[in-house]
1. For the chain, what is one quarter of the convex hull surface built on the Cα atoms, given in nm²?
2. Taking 8 Å as the Cα distance limit and 6 or more residues as the minimum spacing, I'd like the relative contact order of the chain as a percentage.
3. Once fully extended, how much extra length lies between Asp94 and Cys21, figured as 0.36 nm per residue of separation less the alpha-carbon to alpha-carbon distance?
4. I'd like the Karplus ³J(HN,Hα) series for the range 92-109: coefficients 6.51, -1.76, 1.60, θ = phi - 60°, whole numbers in Hz, and an x wherever there's a Gly or Pro.
5. Just grab the label-to-label distance for Val34 and Asp54, each label 7 Å out from Cα along the Cβ direction, in nm (one decimal).
6. Looking only at the range 3-103, where both bridge partners belong to it, what percent of the DSSP beta bridges are antiparallel (to the nearest 5)?
Amino acid sequence: MAYQLIQTNMTATDNIQCPHCKHAVIDWTEEQYVQPCDHVLFIAMDLGFEYISDEFEHSMSRSVDEIHAHDDQLNMFEELTNTNYPNYVIYQSDLGAQNLSRYVGFVQA
Ligand SMILES: [Zn+2]
């Protein structure tokens, strides 16, 4: 298995910090709250992508455009784990509604 899943206790309104450089990659004090650092591979919700690095997109079996074109049948977690990216960590947090989650992917240290 190329990825490690970490279920966090964070809520939808908590900032999310990079485990490597401590940068707030989700920062609710910023108008543009998605603030990825170099360690972020993707930031996504079950509903769609908020950010993805080129490198990670190339490792996925489908492109983001393809995924969004069929988002009525989207299984985001499956898309994010159906890749040939070698080693990464997924932080999953609960959005607090309709069993939706946010997923933030980081490179492994
Ligand atoms: Zn970082």
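1. With every direction weighted equally, the projected area is 6.8 nm².
2. With pairs under 8 Å counted, the relative contact order is 34 percent.
3. Contour length minus the Cα-Cα distance gives 24.0 nm.
4. 9, 10, 7, 7, x, 8, 6, 6, 8, 10, 10, 10, 10, x, 10, 5, 7, 4
5. The modelled label-to-label distance comes out at 1.7 nm.
6. Of all bridge pairs located within the range 3-103, approximately 70 percent are antiparallel.
We did not get these values from a lab; they are worked out from the coordinates using the rules stated. Bear in mind the structure is a predicted one, so any value in this text is a computation, not a measurement. Positions of Cβ are generated from backbone atoms using ideal geometry, with glycine treated the same way; all protein chains shown enter the neighbour counts.
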